[in-house]
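For reference, the structure is listed below as structure tokens.
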Amino acid sequence: MLYCTCGYSCGVQAALDRHIQKFANTETSSSHRPCSEPPVPQLPRRSAVSAPAISGTTAPTPLRGSSKSFQLDLDLSPTTPATPERSFSSSFKLPRTPAAKPGSVVVKLLLVRHAQSANKQRLPGKAPEADPGLTDRGFQQAEALGERLERDFRGKDLSNVTFVSSPMRRCLYTIQPGIRRLKPPVENVLCYAGSYEFGCAGTERPGSSPQEIARDFPEFRPVGFSPQNTWDYRGKNPKETEEECRARGLRIVQWIMDLATQRRTRSGSDEVHTIVLTSHQTVNDLLTTILFEGSTAKWSYGDIRHKLQNAGITEVLIDSAGKCTAGVENDGGHLLHLEDRKRRTTNW
């Protein structure tokens, strides 16, 4: 397996060369260098990054270098075609109880990247699987994540926690140990059909059906699937394009905000509602860009700006006005013992 310092990996030298060449002579070229091993798990860092509020009735101010902004089309029916929206704005604020202070955090979003994909250890010359599971190391990472979540949520009211996974098997397998340890209410464990990895759906790539998800991963309740029982792809191309992915990212953020509103309204509690979303590096990078910057204009596939390691966690804090602030980023502290074990095995 070949690696780039940005977190990109592939099995073919030519693919790595193309990836690095894409960013040659750009301001991010120093972040794109070949390396012999994937980056080791990292301890979290705190960030003071704060996004503009993503609620209100007017379109957000465009980012520097952007000449236009677009209001998000709130028609989220499965037949709506992808459009080149670039800015996010919602028409509501997250509900807060009378006891909550204005501007207080009401939702904590934990973005989780799936554990190591089985495609990372495929045999030479073997084509990658369209929907792979995990490697043995990936399953170890998933168990470590499950132990971490069990510690973090032990003794807490799990009706205030919603677990959401991409419909792809590597994500479902990643969060499954945590679900089995915690046993949250069944209505709080969702498989969301819109959060698949970039380019993994299209007119020729329908993805798994909700029936297959329910059969293979009975802990999860499938949501957001199309009337044709496919993943939520709304374009017209055999494989999703970057522009379609940007539009999908905006829909995912809107879906998250709608989910947060629904859960806050239902509970009527002062407790912060936590949403744990297990997805992919590209999707999480896109979502973080939207949440912190209010726009997809600076996002480009392969140019990872918000790195997240396998089974790592990034925390986004959302207040009652819809303002998003970064908490802990790329937290892999629960994986450090796996790296130590790997080193001991190699040295032995």
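Worth pointing out:
- When the surface is traced with a 1.4 Å probe over the full set of protein chains, Lys323 keeps roughly 80 Å² accessible.
- Subtracting the Cα-Cα distance of Leu158 and Arg180 from their residue separation scaled by 0.36 nm leaves 6.6 nm.
- Rounded percent of accessible protein surface that carbon and sulfur make up, region 265-320, 1.4 Å probe: 45 percent
- Note on surface exposure: Val161, Val186 rank Val186, Val161 by accessible area, highest first, 1.4 Å probe.
- Portion, in percent, of the accessible area of region 107-176 that falls on carbon or sulfur, probe 1.4 Å: 46 percent
- Packing-based ranking, highest mean first, of 112-124, 235-247, 148-160 given that Cβ atoms within 10 Å are counted: 112-124, 235-247, 148-160
- Stretched out straight at 0.36 nm per residue, the stretch from Val272 to Glu339 would grow longer than its current Cα-Cα span by 20.8 nm.
- Most to least packed among 219-226, 274-281 [average Cβ atoms within 10 Å]: 274-281, 219-226
The values are calculated or read from the model by the stated rules, or taken from the named source; none is laboratory data. Model, not experiment: these values are computed from the prediction. Quick reminder, even Gly has a Cβ in these numbers, built from the backbone with ideal geometry, and neighbours come from all protein chains shown. Just the protein is used for accessible areas: all its heavy atoms, side chains included, with ligands, DNA and RNA removed. Shrake-Rupley method; radii C 1.70, N 1.55, O 1.52, S 1.80 Å.
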